[in-house]
1. Which pairs turn up if I take residues in region 148-167 that are closer than 19 Å to residue 233 by Cβ and look for partners that are surrounded by 13 or more Cβ atoms within 10 Å (Cβ to Cβ) and at pLDDT below 90 with beta carbon separation below 7 Å, at least 6 apart in sequence or on another chain?
2. Show the residue pairs that are 6+ apart or on different chains and have beta-carbon atoms under 8 Å apart, the first residue being within region 191-212 and at positive phi, the second being assigned to a helix (DSSP H, G or I) and crowded, with 24+ Cβ neighbours inside 10 Å.
3. Could you tell me which numbered condition residue 261 fails, if it satisfies all but one of (1) touching a residue at least 60 places away in the same chain (Cβ under 8 Å); (2) closer than 20 Å to residue 33 by Cβ?
4. Go through region 209-253 and count every residue that is modelled with pLDDT under 90 and either in a loop (DSSP other than H, G, I, E, B) or within 21 Å of residue 49 (Cα to Cα) (or both).
5. Does any residue in region 237-257 that is at negative phi and surrounded by fewer than 15 Cβ atoms within 10 Å (Cβ to Cβ) come within less than 6 Å, Cβ to Cβ, of a residue that is outside any loop (DSSP other than H, G, I, E, B) and modelled with pLDDT of 95 or more six or more places away or on a different chain, and which pairs are these?
6. When you go through 104, 95 one by one, which is the residue that is in contact with a strand residue (DSSP E or B) (Cβ under 7 Å, 6 or more places away or on another chain) and either buried (at least 16 other Cβ atoms within 10 Å of the Cβ) or modelled with pLDDT of 95 or more (or both)?
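The values are calculated or read from the model by the stated rules, or taken from the named source; none is laboratory data. Model, not experiment: these values are computed from the prediction. When we count neighbours, we look across all protein chains shown, and the Cβ atoms used for this are built from the backbone with ideal geometry, even at glycine.
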């Protein structure tokens, strides 16, 4: 009988520990800092950027109060929203609205859309863009702005088919964004990390992306499955480099359609230039 009760206690303890782990990995977030000082031109040195990706209209604390508090502590120079701020089936956008309303007019905020925004009905897409802009967030829909005298920020949105097909190329990118100003330092924000080599061959020096949610379930710090059901995604979170540039792929903030994260806590990205 004692062995039976010891077994039951062990099962209860394991269930509690696993439940706490699931809660932490799905309903809280961590702030991860990345040092990009080696990649920054002089005019960006000392500036700080917060990247918010794959929120999917989640709220951390009432009206996203926990996330707003963290951002206010960081006091960034820039905030980049890198797509999938809502899910395609959402009709109430209160999660992203509460966040955008709090930070939009306080910091320099920019956003691009992801595959989920692309799948919204046209009226809801227009509503989302209109309201985010009213909150002070700049929509970089295949546009560029000058962050400093020698730094350009580009926002790339491309067709939903390229999330499935793998044939997006440099000419497609020029058709969407025009030619890169290679006399300047070019930062690109876009949603999909899978075309990293195309982005840098076009002229991006630094790229910020999301989409893969860190591989949802991570084992030995390797992402197992992307939200598009790709096993062991090539870009599952963190910093990637090639001969022409560097990319930071955020692990994102939500559970996505797979519905669970494990050993992969949601991430608020902070970049120190």
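1. As it stands, the answer is 163/228, since those pairs meet every condition given.
2. Sorted first by the residue in region 191-212, then by its partner, the pairs are 211/193.
3. The single condition residue 261 does not satisfy is (2).
4. Of the residues in region 209-253, 7 are modelled with pLDDT under 90 and either in a loop (DSSP other than H, G, I, E, B) or within 21 Å of residue 49 (Cα to Cα) (or both).
5. Hits for this filter: 239/248; 242/200; 244/200.
6. 104
Results for (1) in contact with a helix residue (DSSP H, G or I) (Cβ under 8 Å, 6 or more places away or on another chain); (2) closer than 21 Å to residue 227 by Cα; (3) free of Cβ contacts under 8 Å to residues at least 12 places away in the same chain, shown as yes or no for each residue.
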residue: 21; (1), (2), (3): no, yes, no
residue: 69; (1), (2), (3): no, no, yes
residue: 110; (1), (2), (3): no, no, no
residue: 114; (1), (2), (3): no, yes, no
